[in-house]
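> Here it is, the structure in full.
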Amino acid sequence: MRTKINLLVLLNMVLVLILAMSALGYILVDRKFKETGDRALFVARTVAGLPQVAEAFNGPDPASVLQPLAEQLRKQTNAEFIVIANTDLIRYSHPNPDNIGKHLSWDDYDIDQRVLQGQDTETKSAGTLGLSMRGKTPIYDANHKLIGLVSVGFLEKDIWKELSALFFKFSVIGLVALLFGFGGAYLLSGHIKKQIFNMEPGEIAFLTREQAAILDSTREGIIAINSDGNITTCNREAKKLLDIEEENVIGKHVNTVLSTSRLSDVVRDGAVHKDEPMIIGNTLIVTNRVPVYSNQRVIGAVATFRDKLQLDQLDQRLADIGQYADSLRDQRHEFMNKLHLISGLIKMKEYDMVGELIEEINEEQQDLLDSFLTKIHDPAIVGLLIGKINRAKELGLQLVIDSRSSLPDPCPHRDILVTFLGNTIENAFEALSGSKPSGSPGMVTVSLLNEPDRIIVKVQDNGPGVDPGLGEDIFKDGVTTKGGGRGFGLARFRSWRRMREERSRWRAPLPALRSRSCCPNKEDGTMAAPSFHVLVVEDDFRIAKMHGKLIESQEGYHLAAIAYNYEQALAQILELGPELVLLDVYLPDRSGIESLRTIRSQNLPCDVILITAAKESDIVEEGLRLGVFDYLIKPFDLDHLQNTLHKYTQFKSRLSSHGEVDQQYLNELMKLRAPKSATAQPLQKGIDERTLVRIKQVLEAREEMQTADDIAQAAGVSLSTVRNYLRFMVKEKMVEEYMQYGTIGRPRRLYRMVK
């Protein structure tokens, strides 16, 4: 683009210079020839008026007087010739003396006759000396009698010489002007290029079309104005929200289209407005307004806005996804607990109890699915309810589905129903988890009633209820008792109810009953006082009972108590002071990691073994950092727990029986103390740990480099096996490999341990 601008400006300047030079040249030539003719006539009149010229005509030999006089005047005036002739047109003077006495050129005879009649003339004629501009005038004597004529001429070629010199000067001036013009064009094109961000016209056209497509495809309304408040951009979504889809608003003042836009205030003040509510017609929207700057000056403003209900629906969908993920996690945790319980019962040879448990689980799940699928049908709602039932179990609550519940197939307003159930059930769980039960367990009841002209959905709980002082304000957007970022569910429900007012009615009674909690039973042992008292913290009472039974069977261990949540666990630790705690990570009220942090922050003198289905590396890392004795992942063999208890016995006995401490003692003690990370990777297939240790010992015994043959002989292992292990050790960065090149033969590979 810059080249095109430079060429365009340059061509314009060349064309202007050519036209200007042509016009100027024409004027100069015409004027020069006119001036030369006037000059010739002036010189002729001057010569004719000299007294000695008229006197010479009365002498015997006029040529002898007039020739020297004419030549002197010719040289002084730079004329090409001064010719003096009598009335017979006989020359008395001429630059060429040979022509004196001869008749004037017959080509000018008519002109000469007019001169002899008393007329002055200016002509361009060809004579003996060439083409020239001539001025002729008559000569009068003292009595005013015409006695002859004077002809003065300037050659045309001499005139053109003078003009050529002028034209050369003008050409130099024009060239300099052209150079200045090209410099100005270069600066102008650079400025224009900078103003359009160094883009080419094709790029600008593509960007314009692309931005128009982006604006029309954007789900947010966009309006832009200039500094005068006139609309410069208004996309399709904005026209749709303003209900002016068929109207062209570009160029109109924004206040005539949307009087509440406040864009003029943004242009005036330069303030930024973020996420502000605004009403357009009957629609509540959320808008953002920002100024547009150029050279630190506000040149316009842009407003983007979107229907708040759409944003709320998007937020709710994201929240639903999180709830579904929580439900899947709850089901996974429940499943891992059941697997662990079955594995432990089999290990303890409680086969009858295993059969009863499997039959109970099967009947429970089958009855649940049969009951739901025969009456509710919709798989999304069934899946949601089953997930919430498992979630309730983990929280120590009860979720009861009314046996009369049923839904039509297909279910109308499915998305709204799933969102409503997910919100209200989760809110009931939060209310019950945050309350202090003092009699009966927390219970949530869900009822789905299919009536001929409506669907009635009820979610009730026996929690603390909602503050009556809130009244109808509880349905307003953003009103909540749970902190910031909440308070949209009931407001959205009310908006849905208005939208579906003609087709369905929704009922959502708010809970008003108080709840009472029941304390879990404590399971005391009957054995004599052992060396170690153990507290089992597990939300599943069956797994807790199994672990307690195993602990009672171990010599030197006594089951101090069983806790089913964080508060009970902390109270039991403070009251009983157990030496060891078997702690589950997933607890109904808080996580086991938080329990572990509390134990460490309060300096409670007890060791902790984490037992859970959690495999996340951050949870494992946090547990190790907080100093757990071991970390067991469900489902695990009960032998693993027995081995851990055995190591704990050895650890405590060695720790208490030793007086002075040396490094070897600490090394042996830490082997018992430090648990293995759950994220540790097993050795590669074909790599035996004992063989690997033997090869390491051979490499560590010598600091210098060794070949595979040397290592094989020292370790007593075959060469092919050593090479396989060395490749593995190089890959794992345990061994450094070097190539030794000789003068002949293949290079040798040398190895040594990484320092």
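> L570 is checked against (1) at pLDDT 85 or above; (2) over 25 Å from R391 (Cα atoms); (3) not in a loop (DSSP other than H, G, I, E, B) and fails just one. What number does that condition carry?
Here L570 meets the rest and fails (2).
> Can you go through L131, L149, L69 and tell me which one is in a helix (DSSP H, G or I) and aliphatic (A, V, I, L, M)?
Values: L131 fails: in a helix (DSSP H, G or I); L149 fails: in a helix (DSSP H, G or I).
After applying the criteria, what remains is L69.
> Here's another thing I want to ask about it. Examine region 715-733 for a residue that is of a type in the set (A, V, I, L, M) and loosely packed, with under 15 Cβ neighbours inside 10 Å, and state whether such a residue exists.
Our first condition is that a residue be of a type in the set (A, V, I, L, M); within region 715-733, this holds for 715, 717, 719, 722, 726, 729-730.
Cutting the leftovers down to loosely packed, with under 15 Cβ neighbours inside 10 Å gives us 719.
Yes, region 715-733 has at least one match.
> Quick test for you: out of S653, S657, pick the one residue that is over 16 Å from V730 (Cα atoms) and modelled with pLDDT of 75 or more. Give the steps one after another, and end with the answer.
Values: S657 fails: modelled with pLDDT of 75 or more.
Criteria check complete, one pass: S653.
> In the list F493, F488, F429, which residue meets the criterion of being under 23 Å from I321 (Cβ atoms) and at pLDDT 75 or above?
Values: F493 fails: at pLDDT 75 or above; F488 fails: at pLDDT 75 or above.
Answer to the check: F429.
> Which pairs have Cβ atoms under 8 Å, sit 6 or more apart or on different chains, and link a residue in region 390-410 that is part of a strand (DSSP E or B) and open to solvent by less than 40 Å² (accessible area, probe 1.4 Å) to one that is at pLDDT below 75 and not hydroxyl-bearing (S, T, Y)?
If the second residue must be at pLDDT below 75 and not hydroxyl-bearing (S, T, Y), the pairs left are I401/F372.
> Would you mind finding the one in I244, I231, I225, I214 that is in contact with a Leu (Cβ under 8 Å, 6 or more places away or on another chain) and at pLDDT 80 or above? Walk me through how you get there before you give the answer.
Details: I244 fails: in contact with a Leu (Cβ under 8 Å, 6 or more places away or on another chain); I231 fails: in contact with a Leu (Cβ under 8 Å, 6 or more places away or on another chain); I214 fails: in contact with a Leu (Cβ under 8 Å, 6 or more places away or on another chain).
The match here is I225.
> If you don't mind, another one. Just to verify a result, which residue in region 301-330, among those that are touching an Asp or Glu at 6+ places or on another chain (Cβ under 9 Å) and at pLDDT 80 or above, is surrounded by the most Cβ atoms within 10 Å (Cβ to Cβ)?
Taking the candidates together, the pick is A301.
> Would you check if there is a residue in region 547-561 being open to solvent by less than 50 Å² (accessible area, probe 1.4 Å), under 24 Å from S433 (Cβ atoms) and within 51 Å of the chain's Cα centre (by Cα)?
no
> What number of residues within region 579-603 are of a type outside the set (D, E) and outside any helix (DSSP H, G or I)? Step through it out loud before you land on a result.
Here is the first cut: in region 579-603, the residues of a type outside the set (D, E) are 580-583, 585-588, 590-593, 595-603.
When the remaining residues are screened for being outside any helix (DSSP H, G or I), the result is 580-583, 585-588, 590-591, 602-603.
Here the count works out to 12.
> I've got another one for you. Would it be correct to say that K136 is touching a strand residue (DSSP E or B) at 6+ places or on another chain (Cβ under 9 Å) and either at pLDDT 85 or above or among the polar types (S, T, N, Q) (or both)? Spell out the reasoning first.
On the way: touching a strand residue (DSSP E or B) at 6+ places or on another chain (Cβ under 9 Å): yes; either at pLDDT 85 or above or among the polar types (S, T, N, Q) (or both): yes.
For K136, the condition - touching a strand residue (DSSP E or B) at 6+ places or on another chain (Cβ under 9 Å) and either at pLDDT 85 or above or among the polar types (S, T, N, Q) (or both) - is met.
> Sticking with this structure for a sec: Does F206 fit the bill of being assigned to a helix (DSSP H, G or I), among the aromatic types (F, W, Y), surrounded by 12 or more Cβ atoms within 10 Å (Cβ to Cβ) and touching a residue at least 40 places away in the same chain (Cβ under 8 Å)?
Working: assigned to a helix (DSSP H, G or I): yes; among the aromatic types (F, W, Y): yes; surrounded by 12 or more Cβ atoms within 10 Å (Cβ to Cβ): yes; touching a residue at least 40 places away in the same chain (Cβ under 8 Å): no.
No; evaluated as a whole, the condition is false for this residue.
> Quickly run through region 209-261 and pick out the residues that are assigned to a strand (DSSP E or B), farther than 18 Å from Q310 by Cα and open to solvent by less than 50 Å² (accessible area, probe 1.4 Å). Working first, answer last.
From region 209-261, those assigned to a strand (DSSP E or B) are 221-226, 230-234, 253; that's our starting set.
Narrowing the set further to residues that are farther than 18 Å from Q310 by Cα leaves 223-226, 230-234, 253.
Of everything in region 209-261, those that are assigned to a strand (DSSP E or B), farther than 18 Å from Q310 by Cα and open to solvent by less than 50 Å² (accessible area, probe 1.4 Å) turn out to be I223, A224, I225, N226, N230, I231, T233, C234.
> Select from region 173-187 the residues that are open to solvent by 70 Å² or more (accessible area, probe 1.4 Å) and among the hydrophobic types (A, V, I, L, M, F, W, C) and write down the one among them that is farthest from M21 (Cα to Cα). Steps first, answer last, please.
Step one: filter region 173-187 for residues open to solvent by 70 Å² or more (accessible area, probe 1.4 Å), giving 173, 175, 179-180, 182, 186-187.
Going one step further and asking which of them are among the hydrophobic types (A, V, I, L, M, F, W, C), we end up with 173, 175, 179-180, 182, 187.
Numbers: I173: 11, L175: 11, L179: 16, F180: 17, F182: 18, L187: 26 Å.
Step by step, filter region 173-187, then rank; the result is L187.
> Please enumerate the residues belonging to region 734-745 that are part of a loop (DSSP other than H, G, I, E, B) and either of a type in the set (S, T, N, Q) or at pLDDT below 85 (or both).
The first filter runs over region 734-745 and keeps only residues part of a loop (DSSP other than H, G, I, E, B), leaving 734, 741-745.
Hits for region 734-745 are Y741, G742, T743, I744, G745.
> Any idea which of L624, L596 is modelled with pLDDT of 85 or more and of a type outside the set (D, E, K, R)?
L596
> Sticking with this structure for a sec: State the number of residues belonging to region 47-63 that are open to solvent by less than 70 Å² (accessible area, probe 1.4 Å), part of a helix (DSSP H, G or I) and not hydrophobic (A, V, I, L, M, F, W, C).
Of all residues in region 47-63, those open to solvent by less than 70 Å² (accessible area, probe 1.4 Å) come to 47-50, 53-54, 56-57, 59, 62-63.
Now drop any that are not part of a helix (DSSP H, G or I), which leaves 47-48, 53-54, 56-57, 62-63.
Among the residues that remain, those that are also not hydrophobic (A, V, I, L, M, F, W, C) are: 62.
Summing the residues that are open to solvent by less than 70 Å² (accessible area, probe 1.4 Å), part of a helix (DSSP H, G or I) and not hydrophobic (A, V, I, L, M, F, W, C) in region 47-63 gives 1.
> If you don't mind, there's one more thing I want to ask. Residue by residue through region 268-297, note down the ones that are open to solvent by 30 Å² or more (accessible area, probe 1.4 Å) and farther than 30 Å from I416 by Cα. Even if it seems obvious, please write down each step before you answer.
In the first step, residues of region 268-297 are kept if they are open to solvent by 30 Å² or more (accessible area, probe 1.4 Å); the result is 268-269, 271-272, 274-277, 279, 281-284, 288, 290, 292-297.
Of everything in region 268-297, those that are open to solvent by 30 Å² or more (accessible area, probe 1.4 Å) and farther than 30 Å from I416 by Cα turn out to be R268, D269, A271, V272, V290, V292, Y293, S294, N295, Q296, R297.
The values are calculated or read from the model by the stated rules, or taken from the named source; none is laboratory data. As the structure is a prediction and not an experimental result, all values here were calculated from the model. Cβ sites come from the backbone with ideal geometry, for glycine too, and all protein chains shown count toward neighbours. SASA here: full protein model, heavy atoms, side chains in, ligands and nucleic acids out. Shrake-Rupley method; radii C 1.70, N 1.55, O 1.52, S 1.80 Å.
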